[in-house]
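Reading through the structure tokens given below for one structure.
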Amino acid sequence: MKKLFLILLGCIALGCEQIIPETPLENEILDGPINDLRTDEQAQFLAGDIAFNEEVFTATSGLGPLFVATSCGSCHAGDGKGHPFTTLTRYGQTVPNKTPDFSTGGPQLQNRAIPGYFPEKLPAGVLFMKMTPPAVTDWVFFLR
């Protein structure tokens with residue numbers, strides 16, 4: 001029985017490695033500023049970083065009535081690409097990087113709602129795909 005328990009424990013440990021993403025290398029982390037920012041640009045980056053990761057939207061601050069998450073950083077962890085726990089549902093789309101069919105709604109399923117409203121449900125028969133939130137690294141080009 002002890003041997004079976006150890007085998008089961010080993011399988012669980014190996015299974016977790018398949019689910020939990022590996023820690024990125026230091027040079028792959030996307031949550032820092034680019035090199036050689038001026039002081040005013042550094043301040044702008046820090047203000048944006050705080051808002052991105054710590055600002056939590058509420059109904060009184062403009063959230064809703066339907067939404068996916070209450071902050072940017074909750075889907076784009078570390079200012080980067082999402083992970084399997086933040087998978088999104090896209091309407092009318094079955095292939096990445098292709099314009100979705102907007103005639104059925106979307107393109108993003110808003111699976112949460114503020115009190116008094118109901119979250120969206122995917123209509124029956126509508127094509128859809130699951131996707132990981134994309135990296136947000138392109139935003140830096142708008143600041144320069």
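The values are calculated or read from the model by the stated rules, or taken from the named source; none is laboratory data. This structure is a prediction, so every number in the text was calculated from the model and none was measured. All Cβ positions, glycine included, derive from the backbone under ideal geometry; neighbour counts span all protein chains shown. Side chains are part of the model used for accessible areas, which takes the heavy atoms of the whole protein and leaves out ligands, DNA and RNA. Shrake-Rupley method; radii C 1.70, N 1.55, O 1.52, S 1.80 Å.
By accessible area of protein heavy atoms, probe 1.4 Å, what ranking do LEU63, LEU127 get, highest first?
Details: LEU63 25, LEU127 110 Å².
Listed by decreasing accessible area, they come as LEU127, LEU63.
So if each residue of separation counts as 0.36 nm, and I subtract the Cα-Cα distance between LEU46 and LEU66, what length gain in nm does that give?
On the way: separation 20, 0.36 × 20 = 7.20 nm, distance 2.88 nm.
Full-extension gain reported as 4.3 nm.
For the stretch 45-115, give the magnitude of the charge dipole about the Cα centre (Cβ charges: +1 Lys/Arg, -1 Asp/Glu; no others), in debye to the nearest 20. Don't jump to the answer; show the numbers that get you there.
Values: 4 positive and 5 negative charges, 64 e Å.
Roughly 300 debye for the stretch 45-115.
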